[in-house]
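Here's the structure, in structure tokens; my notes come after.
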Amino acid sequence: MHRIITVLALGLLLCSSPLHASVTLESFKFSTPEQEQHFKDVIEQLRCLVCQNQSLADSDAELAHDLRAEVYGMMRDGKSDKQVIEFLVARYGDFVLYNPPVKPSTWLIWFGPFVLLLIAAALLLRSLRRQQQVPQQEIGEAERKRLEQALHNGSPGEGPKP
Amino acid sequence: MIPELGHFSLILALCLSLVLAIFPMAGSLTNTPRWIAMAKPVAWGQFTFTALAFACLVNAFLSNDFSVAYVAQNGNSLLPTMYKISAVWGAHEGSLLLWAFILCCWTVAVASLTRNLPAAVLARVLSVMGMISIGFLSFLLFTSNPFERVFPVPLEGGDLNPLLQDPGLAIHPPMLYMGYVGMSVAFSFAIAALIGGKLDATWARWSRPWTTVAWVFLTIGITLGSWWAYNELGWGGWWFWDPVENASFMPWLAATALIHSLAVTEKRGAFKRWTVLLSLLAFSLSLLGTFLVRSGVLTSVHSFAADPARGLFILIFLCIVIGGSLALYAWRAPDVTSGGRFSMLSRETLLLGNNLLLIVITAFILLGTLAPLIYDAMGWGKISVGFPWFTTMFVIFTPFMVVLMGLGPLTRWKHHEPAELMRTFRVAMLVSVAAGLLVALPILHDFSPWPGLAVMLSVWLVSSLVLSLRQRYRNRASLRALLKNPWARGNGSYFGMIIAHLGIAVFIIGVTFVTQFDVDKDVRMSPGQSIDMAGYTFRFDGVHTVQGPNYSADRGSIVVSRDGKEVAQLGPEKRNYLVQRKPMTEAGIDAALMRDLYVSLGEGLGGGDWSLRLYYKPFIRWIWLGGLMIAIGGLCAALDRRYRIHVREHAVQPARASRKTLAHEAHS
Amino acid sequence: MARYLRYLVPLLLFVLLVGLLYRGLSLDPKIVPSPLIGKPMPAFSLTRLDDASATISDTDLRGKVSMLNVWATWCTSCRAEHETLVEFARTGKIAIYGLNYKDDRADAQRWLMQLGNPYIANAFDPDGRTGIDWGVYGAPETFIMDKHGIIRHKHIGPLTGQVIATEILPLIAKLEASE
């Protein structure tokens, strides 16, 4: 138990403190700004496996350094984005992609919000239409006066009984 | 001795909360006045002992009492006094004690500031709050005792996590907890109303100011957290959709839906069941957040040291509180009659639509946050949704909300003719679209629709607010009345709405523009070298060592100039805290309303060279300015005179004036 | 009747949520399952930890049921599992090899001398490149390979007596029995 806590606490410090023991803001050399942007785009699509909520671009975990160096090396050798990503997925699984791929098993994630929206919209429309037919439940004049008084004087009003 | 006193106080507080939970509630159901009358004094007793316990823990930190395990882990004699105090809530046990203490504060606030509520109802409300206190106090005493001693006594403490040694982060948890715990007030009012069977406009009126104040605290807490992250974490990020951040955002969204829903229930008697459900939901999400952060069920950079045993305790507590409240809802809600009717196009419908959007957003944030858990538990493999997914979904849904936000304030209650509404908004719509296109066009070569969309939405919101103001103050008499008595009833609410909605517009601009137009560069610089970026020249003047109270640091010196004139001197630091020995960055930031210049220090590369990251962040302050405006708006609304029950002079208002006030209320 | 059922929906959703969270308490969210299971072990050729002039490669692990344990001196959990590993090595149930990951040669050698050496041989991977090929993202991690060099299991985190008894030993028995 204590071990788990130590490991987790270390992880917390590691993933939240931006600087770690070794070289951090490594400056890779790029021949053009487009190449630099291209590199950034690729590492932003990948996930750090240590600080699992951060992208490979943002994380300062040591593994993230290693993997960035790996990606840089591959891109400099002329490998395409697809090849780089395939390389990492072959070793770490789909989890290394920061955005989960869209396949039947992830439809819940990608379409879930819209399904929820449709359900909510349908429920809204149904309840709106239904309450058009419900007979009026206006508060009567006497009720209204009493409520006003309550709001002005602060004495409790007697609301309509449920 | 003192820690034992603190421990004992907690035990007493727990006993009192048991009394508070049982007797007043029983008294209200059996009509026993003596028991009902116990509520207030017992609430005060509970508060006194919890406050005492809290004071004991603060004392333990200030006196460097390392025989207390919690102080040994989180305190240190070199820690500046401010951080010795904030260390009290820097880790799990202490933060729970803060939770319990704040809960007792809200309980006595409700007990003392609520006048003219039937004693039986107040008794129920306080009893429910007492029940929640039982949960937290027993959690503290049985699993997370901050007063446990450690033997042998260490000579020094483990020190507060350096990341937490920052003023923003010192105050962020108290603000958040004020918000989370404050939601329990609306929750308790809802439970009391469900039990008593009286769910009416009066109930909504009582709930509203409490909920609004809690919501204001939550807004401030979240804004502070974001601002702190930007200042402290060194790479200019300000929101990460981390599970713990989501755990604070979900109650905020639910509470936003709730305050709007309460407005409708108060004014029109409609949405009663929905408002009750939202009252239960907001606090439930707060509790759920507590669970997620402390149970180890999710990976997060923020979470406290996780412990599944503690997680189980909280889960059982959740079952009792949330399960119990939802069961009560299922039982009593069908008996609640619905209130005023409204047609398809009315302010009620628009508010309901916005509510639903807010809840759908809350639901998908929950879905995304729990996705890793869902997939793992069902054996569907391992996934996690990251920042891009959350942002994409959020950006898709928000524009619809903003459209409704614009329409709402100008739409009449109960019924509004569609053609008339179109007429009102015709110009506003054209202006918004035009403004959006105007902004989008110059950058068409880069085609990004977002700045244009953001401007369109913000201009839409602002136009709607302008139209609303024009309508409310269309003649001199109303303007004169406003100037003569700005604090008249109804004005707080109205201007609160204006400011808060304006804050949203400001926020949207801030977020979009900084995301689209920020520039950053990773560079290696030698002393004396200059680099140009975003129209500014950054000159690196080397790094020298400085000493802080409990750290030593390498401080870089960067001079920023524009067109040859010096604009800022930045001193980013790389600190080494003496105790925990983990390096930490302090970014060098030149803050201004329209842009931030941000530099963080990397590593020394030898020969005086250092790696640096330079950022240009336009409009980033608008994000927190927006948050602040939203909070101020909420505060104005909560302070509206109509809630001040002890202001008695309104009882003698002449008849004509009250009709005008009512006419105003129809529009507010 | 249907009207009343509607109000039960929030409670029902909550019950589902609780079930999920309860299940979550016994899961570890940080574990990343390996896509290499069922695939041949990644090829490598590294210097041996004890002798920089000698090499060790994946072929050395073929032909028998083998275990590759990824460890380092900077890893506190590795320290915790070391005793268990040494004891397990004594039973001789499986050929244990080590991958010394992102470490210092001298430190690692001293460590083994002080704490005992359960490994038949150790591969020295100072820059972690081989670790990347094996999908290593932390230490300790342990791989079990069958006689043909196919990875059959990956355990993330320290090995304990319980893990060995429940996960490793049954697997070894199965792999030894099969062709």
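A few remarks follow.
- Candidates B:239, B:210, B:215, B:206: the one that is modelled with pLDDT of 95 or more and of a type outside the set (Asp, Glu) is B:215.
- Among the residues of the stretch A:29-52, those that are in a loop (DSSP other than H, G, I, E, B) and under 23 Å from residue C:140 (Cβ atoms) comprise A:48, A:49, A:50, A:51, A:52.
- Total residues in the stretch C:108-160, condition on the phi < 0 side of the Ramachandran plot and away from chain A (no Cβ under 14 Å): 26
- Within the stretch B:23-138, helices (runs of 4 or more DSSP H) holding 3 or more residues that are buried (at least 16 other Cβ atoms within 10 Å of the Cβ): B:39-62, B:69-74, B:81-86, B:92-113
- Evaluating residue B:558 against the criteria (1) surrounded by 15 or more Cβ atoms within 10 Å (Cβ to Cβ); (2) at pLDDT below 90 leaves one unmet condition, (2).
- For the stretch B:596-624, the set of residues classified as within 25 Å of the chain's Cα centre (by Cα), in a strand (DSSP E or B) and either more than 20 Å from residue B:557 (Cα to Cα) or among the basic types (Lys, Arg) (or both) consists of B:617, B:618, listed by residue number.
- Pick from the stretch A:72-92, criterion within 11 Å of chain C (Cβ to nearest Cβ), under 30 Å from residue B:236 (Cβ atoms) and not aromatic (Phe, Trp, Tyr), ranking: farthest from the chain's Cα centre (by Cα): A:73
- Qualifying positions in the stretch B:573-602 - more than 27 Å from residue B:72 (Cβ to Cβ), basic (Lys, Arg) and more than 10 Å from chain A (Cβ to nearest Cβ): B:595
Condition check ((1) under 15 Å from residue B:278 (Cα atoms); (2) hydroxyl-bearing (Ser, Thr, Tyr)) across all residues:
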| site | (1), (2) |
| --- | --- |
| B:143 | no, yes |
| B:147 | no, no |
| B:155 | no, no |
| B:185 | yes, no |
| B:201 | no, no |
| B:209 | no, no |
| B:212 | yes, yes |
| B:242 | no, no |
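- Residue within the stretch C:57-68 that is in contact with a helix residue (DSSP H, G or I) (Cβ under 9 Å, 6 or more places away or on another chain), surrounded by fewer than 16 Cβ atoms within 10 Å (Cβ to Cβ) and outside any loop (DSSP other than H, G, I, E, B) present: no
- Failed item, numbered, when residue B:160 is tested on (1) modelled with pLDDT under 90; (2) farther than 25 Å from residue B:324 by Cβ; (3) part of a helix (DSSP H, G or I): (3)
- Of the residues making up the stretch B:536-555, those that are modelled with pLDDT of 90 or more and out of contact with any Asp or Glu (no Cβ under 7 Å at 6 or more places or on another chain) are B:536, B:537, B:538, B:539, B:540, B:541, B:544, B:546, B:547, B:552.
- Positions within the stretch B:1-41 being in contact (Cβ under 8 Å) with a residue 12 or more places away in the chain and aromatic (Phe, Trp, Tyr), in sequence order: B:23, B:35
- Figure legend. Inter-residue proximity from the stretch A:84-105: first residues of a type in the set (Asp, Glu), second residues part of a loop (DSSP other than H, G, I, E, B) and modelled with pLDDT of 85 or more, beta-carbon distance below 7 Å, spacing 6+ or different chains. Indicated pairs: A:94/A:100; A:94/A:101; A:94/B:383.
- From C:34, C:26, C:57, residue being closer than 12 Å to residue C:123 by Cβ and small (Gly, Ala, Ser): C:57
- Residues that are at the interface with chain A (Cβ under 8 Å from one of its Cβ atoms), among the aliphatic types (A, V, I, L, M) and in a helix (DSSP H, G or I) were ranked within the stretch B:320-356; the one that is nearest to the chain's Cα centre (by Cα) is B:356.
- Residue match in the stretch B:303-314 (condition: within 21 Å of the chain's Cα centre (by Cα) and either part of a helix (DSSP H, G or I) or modelled with pLDDT under 95 (or both)): yes
- Residue check, residue B:424 at pLDDT 90 or above, among the polar types (S, T, N, Q) and surrounded by 14 or more Cβ atoms within 10 Å (Cβ to Cβ): no
- Flag if residue B:130 is modelled with pLDDT of 95 or more and either out of contact with any Pro (no Cβ under 6 Å at 6 or more places or on another chain) or within 30 Å of residue B:163 (Cβ to Cβ) (or both): yes
- Among (1) out of contact with any Ser or Thr (no Cβ under 9 Å at 6 or more places or on another chain); (2) touching a residue at least 40 places away in the same chain (Cβ under 8 Å) - the single one residue B:379 does not satisfy: (2)
- So residue C:40, is it within 14 Å of chain A (Cβ to nearest Cβ) and exposed (fewer than 15 other Cβ atoms within 10 Å of the Cβ): yes
Per-residue answers, yes or no, for (1) in the same structural domain as residue A:38 (by TED's automatic domain parsing); (2) surrounded by fewer than 17 Cβ atoms within 10 Å (Cβ to Cβ); (3) at pLDDT 95 or above:
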| site | (1), (2), (3) |
| --- | --- |
| A:77 | yes, yes, no |
| A:82 | yes, yes, no |
| A:88 | yes, no, no |
| A:92 | yes, no, no |
| A:107 | no, yes, no |
| A:110 | no, no, no |
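- Helices (runs of 4 or more DSSP H) wholly inside the stretch B:191-301 that include at least 3 residues being out of contact with any Asp or Glu (no Cβ under 9 Å at 6 or more places or on another chain), touching a residue at least 40 places away in the same chain (Cβ under 8 Å) and within 13 Å of another protein chain (Cβ to nearest Cβ): B:243-268, B:272-295
- Within the stretch A:38-62, being farther than 14 Å from residue B:388 by Cβ, more than 12 Å from chain C (Cβ to nearest Cβ) and among the acidic types (Asp, Glu) holds for one residue alone: A:60.
- Selected residue (only one of C:87, C:81 is in contact with a Leu (Cβ under 7 Å, 6 or more places away or on another chain), over 18 Å from residue C:148 (Cα atoms) and among the acidic types (Asp, Glu)): C:81
- The stretch B:286-297 - residue that is surrounded by fewer than 24 Cβ atoms within 10 Å (Cβ to Cβ) and touching a Pro at 6+ places or on another chain (Cβ under 7 Å) and, of those, nearest to residue B:327 (Cα to Cα): B:289
The values are calculated or read from the model by the stated rules, or taken from the named source; none is laboratory data. Bear in mind the structure is a predicted one, so any value in this text is a computation, not a measurement. Ideal geometry is used to build each Cβ from the backbone, glycine not excepted, and the neighbour counts take in all protein chains shown.
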